[in-house]
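*Asks:* Would you mind keeping the following structure in view while I ask a few things?
The values are calculated or read from the model by the stated rules, or taken from the named source; none is laboratory data. No experiment lies behind these values; they were computed from the predicted model shown. All accessible areas refer to the heavy atoms of the entire protein, side chains included, with ligands and DNA or RNA removed. Shrake-Rupley method; radii C 1.70, N 1.55, O 1.52, S 1.80 Å.
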Amino acid sequence: MRSRKKIYLSALAFVFLSSAYAQNASAQSARTAIRAARLIDGKGESIVSNAAILVENDKITAVGSGLQIPPDAKVIDLGDSTLLPGFIDAHTHLLSEMDGTNLTLQDVEMLRIVATQSTARRALLGAKLGREDLEAGITTVRDLGNSAVNGDVALRDAINNGWLPGPRIVAATRALAAQGGQFGRLTLEAQSIIEQEYVTIRGAESARQAVRQALYDGANCIKVIVNGSPANVTLDEMKAIVEEARAVGVKVAAHAIGDKATRIAAEAGVDSIEHAYIVKDDVLKMMADKHIFLVPTDGTLKTFLDMTFGTRQPSAEERSRMEKLYQPFVEGSRDRLRRARKMGVPIASGSDMYLTMPNLNRGQASLLVFEAYAEAGMTPMEIIHAATRNGAELLGMADRIGTVEAGKLADIIAVPGDPLKDVKALQHAKFVMKGGAVVKNEK
Ligand SMILES: [Zn+2]
């Protein structure tokens with residue numbers, strides 16, 4: 001029995017070694033050259049014409065105009081298109097999907113989801129939405145909670161293991177929040193549900209423990225709901241969280257809306273403030289001084305209306321009523337993005353897309369945020385930088401992703417035409433490569 005087992009094991013070892021060798025051998029000859037009319041490498045303001053990128057295994061080895069293509073390289077010629085670094089969505093929720101036509105009932109919808117959908121089910125939803133993100137050109141996301149109990153970690157690891165296609169995931173695990181999370185006021189019997197979605201913190205020491213718990217659970221970053229419903233995280237707690245995370249080199253993302261919450265987040269020195277739909281100039285100044293990113297999870301009026309009506313055709317009266325309802329919010333968001341840019345606050349693109357959009361999959365819907373940035377006056381190049389190198393810096397991955405340059409991972413997309421002339425081209429990636437592997441190549 002013993003010797004048979006040994007023979008079996010050594011046979012297995014041989015198979016393993018030979019397949020590892022074969023993989024290595026084929027990887028060594030896997031050289032690809034990607035050519036296109038233009039390249040925006042994400043490093044600066046310039047555009048490279050007649051561009052070529054050489055890719056070997058999972059990395060970029062050379063980039064330039066009229067580059068010498070090695071004879072053994074497989075050539076992918078994308079013609080009149082523009083090459084770009086893969087997009088980074090710095091704020092998403094791949095394990096959450098709510099009905100967009102029911103905006104006013106989000107609290108109830110969240111309760112229903114958490115009470116009826118297991119982590120396993122939500123991770124499988126994440127597998128679908130993650131593939132849609134990747135195919136839209138989003139090669140990396142920061143998944144900021146609302147992913148049940150560490151479902152984002154499971155999805156991240158599955159993608160990293162090559163079990164399924166999806167973007168690189170920087171996972172937050174459960175978001176830290178004051179009592180109640182974002183559920184509103186629940187009965188005592190229902191309160192246990194809160195811990196399925198949030199980690200409740202009660203004081204500075206408890207906040208530190210929650211950070212350690214998140215790291216133990218597999219988090220790559222920490223998400224904090226500063227203004228929850230009903231309770232807020234205090235400055236004391238926020239400072240403890242930042243200190244504890246920083247001690248191990250992990251970044252902190254703060255959901256904060258309104259003067260009190262944005263001020264607490266900025267004073268504590270988080271790495272990014274999410275949403276900040278309402279924020280005063282002196283807080284923006286603090287963010288610029290401390291290099292705290294703003295992640296403006298904005299939408300256009302059209303996005304909100306489309307979401308609300310779904311596939312239904314509203315009456316003219318209903319449409320104008322909803323326009324009046326959303327207009328002040330949309331204008332307020334635009335105004336704060338303009339003020340933030342003027343003050344030099346670094347901007348990273350984030351969709352916060354967890355609601356269904358009619359006729360669009362998750363990836364396509366997530367890129368709608370670019371339209372909101374354009375409406376607020378951001379130039380196409382600024383939008384590209386917000387969605388590539390700025391995101392990479394915020395995620396602590398600037399050494400690997402965010403620009404197209406030698407030594408970085410080959411996360412490369414191509415969009416038709418010139419996105420500097422028509423920013424909407426960014427929503428139509430026809431070629432997507434992640435880590436040197438072609439995900440999509442449409443004619
Ligand atoms: Zn969010």
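*Asks:* Can you give the accessible area per residue of the stretch 324-443, in Å², using a 1.4 Å probe? Show your work: numbers first, answer last.
*Replies:* On the way: 4590 Å² over 120 residues.
That works out to 38 Å² per residue.
*Asks:* Taking Cα pairs under 8 Å and at least six residues apart, what relative contact order does the chain come out at, in percent?
*Replies:* Details: 963 pairs, mean separation 84.1, N = 443.
Reported relative contact order: 19 percent.
*Asks:* Right, here's the next one. I'm checking a number: the convex hull volume of the Cα atoms of the chain, normalised per residue, in Å³. What is it? Walk me through the numbers before you get to the answer.
*Replies:* Numbers: hull volume 76.9 nm³, N = 443.
Taking only Cα atoms, the chain has a hull volume of 174 Å³ per residue.
*Asks:* List the pairs from Lys43/Lys223; Lys59/Lys128; Lys74/Lys251; Lys43/Lys342 whose alpha-carbon separation is above 30 Å, in the order I gave them.
*Replies:* Values: Lys43/Lys223 28 Å; Lys59/Lys128 26 Å; Lys74/Lys251 39 Å; Lys43/Lys342 21 Å.
The answer is Lys74/Lys251.
*Asks:* Using alpha-carbon positions, what is the distance between the centroids of the stretch 364-378 and the stretch 211-283, in Å?
*Replies:* Cα centroid to Cα centroid, the span is 25 Å.
*Asks:* Over the stretch 250-303, what percent of the accessible surface lies on carbon and sulfur atoms, probe 1.4 Å?
*Replies:* Working: 980 of 1700 Å².
After summing per-atom areas, the C and S share lands at 58 percent.
*Asks:* Sticking with this one: Amide H to amide H, which residues 5 or more places from Arg31 or on other chains are under 5 Å from it, using H placed in the peptide plane?
*Replies:* Under 5 Å from the amide H of Arg31 lie the amide H atoms of Lys74, each far enough along the sequence or on another chain.
*Asks:* Which one, Pro167, Pro71, Pro230, has the greatest fluctuation when you compute a Gaussian network model over the chain with C-alpha springs under 10 angstrom?
*Replies:* It is Pro71.
*Asks:* For the chain, give the share of DSSP beta bridges that are antiparallel, in percent and rounded to the nearest 5; count only bridges with both residues there.
*Replies:* Percentage antiparallel, nearest 5: 45.
*Asks:* Roughly to the nearest percent, how much of the accessible area of the stretch 312-443 is carbon and sulfur, given a 1.4 Å probe?
*Replies:* Numbers: 2810 of 5570 Å².
Carbon with sulfur: 50 percent of the solvent-accessible area.
*Asks:* Sticking with this structure for a sec: What accessible area per residue, rounded to a whole number of Å², is obtained for the stretch 182-260 using a probe radius of 1.4 Å?
*Replies:* Details: 3660 Å² over 79 residues.
Accessible surface, normalised per residue, equals 46 Å².
*Asks:* To the nearest Å, what is the center-to-center distance of the stretch 310-351 and the stretch 393-424, using C-alpha atoms only?
*Replies:* Centre-to-centre distance over Cα atoms comes out at 27 Å.
*Asks:* OK, next. Helix-only estimate, please: 222 nm mean residue ellipticity of the chain, summing -39500 (n - 2.57) across DSSP H runs of length 4 or more and dividing by its residues, to the nearest 500. Each step should come with its number before you reach the end.
*Replies:* Values: 14 runs with 173 residues, N = 443.
That comes out to -12000 deg cm²/dmol.
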